[in-house]
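What follows is a short report on a single structure.
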Amino acid sequence: MRKLIYAINTTLDGCCDHTKFYPDEATMDYFIKLTRDADTFLYGRKTYQLMVPYWPDEAKANPDDEFAQAFDAVEKIVVFSQSLDSPEEKKTRIVRTGLYDEILKLKQEQGKNILTGGVTIPSQLAKLGLIDEYHFVLHPIVIGEGRRLFDGINLQEKLQLKLVESTVFKSGSVALRYIKQ
């Protein structure tokens, strides 16, 4: 069965708004590897519109941008949205209902990992118990504003995670990989 991985950059105060800070080169290398190990992205409308068409356009304009190339190589993008009329590109599919059933179906398909990011859809996925791994890259800064990690999540019971790997980068950022207990 394929793994659903939630990966995101965050600050010490939980800010995960990508417009408030930018990851260093080592962090980008970490996300390049995660992206290369996936063949499906799962997004909500907001995250999708931040990522597409930006990264596919960047891949065409800059063949040396390894993250853009890895992003553009992903075979399938599934967007959960009630308001998005049509996809930006041909490998994107919009799903309007059935988050739980759709994820179970995707996990049963052959292929690489499924990668998700953002806040809203991952919060819903965490609440449903569908995320297999959590990859947080914690940056040693405090922003004091912006969208927060798991903003608005309402769990029936605590989500117990086990730290299985950590990597410290020269910048002081730390990549933390957790699995569900």
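Name the strands (runs of 3 or more DSSP E) wholly inside region 83-170 in which the number of residues that are open to solvent by 20 Å² or more (accessible area, probe 1.4 Å), aliphatic (A, V, I, L, M) and within 19 Å of I5 (Cβ to Cβ) is 3 or more.
Values: elements: 92-95, 113-116, 133-139, 161-168.
The strands (runs of 3 or more DSSP E) meeting that bar are 161-168.
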Q.
Six or more apart or on different chains, Cβ atoms under 8 Å: show the pairs whose first residue is in region 134-156 and under 12 Å from T120 (Cβ atoms) and whose second is open to solvent by 70 Å² or more (accessible area, probe 1.4 Å) and not β-branched (V, I, T).
A. I153/K127
Q. Any idea which residue in region 8-33 is nearest to E89 (Cα to Cα), counting only those that are open to solvent by 20 Å² or more (accessible area, probe 1.4 Å), among the hydrophobic types (A, V, I, L, M, F, W, C) and assigned to a helix (DSSP H, G or I)?
A. F31
Q | Scope region 61-71; condition loosely packed, with under 13 Cβ neighbours inside 10 Å and outside any loop (DSSP other than H, G, I, E, B); matching residues | A | A61
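The values are calculated or read from the model by the stated rules, or taken from the named source; none is laboratory data. Predicted, not measured: the structure shown is a model, and the values here were computed from it. Methodologically, a virtual Cβ is constructed for each residue, glycine included, from the backbone with ideal geometry; neighbour enumeration extends over all protein chains shown. Side chains included, ligands, DNA and RNA excluded: accessible areas come from the protein's heavy atoms. Shrake-Rupley method; radii C 1.70, N 1.55, O 1.52, S 1.80 Å.
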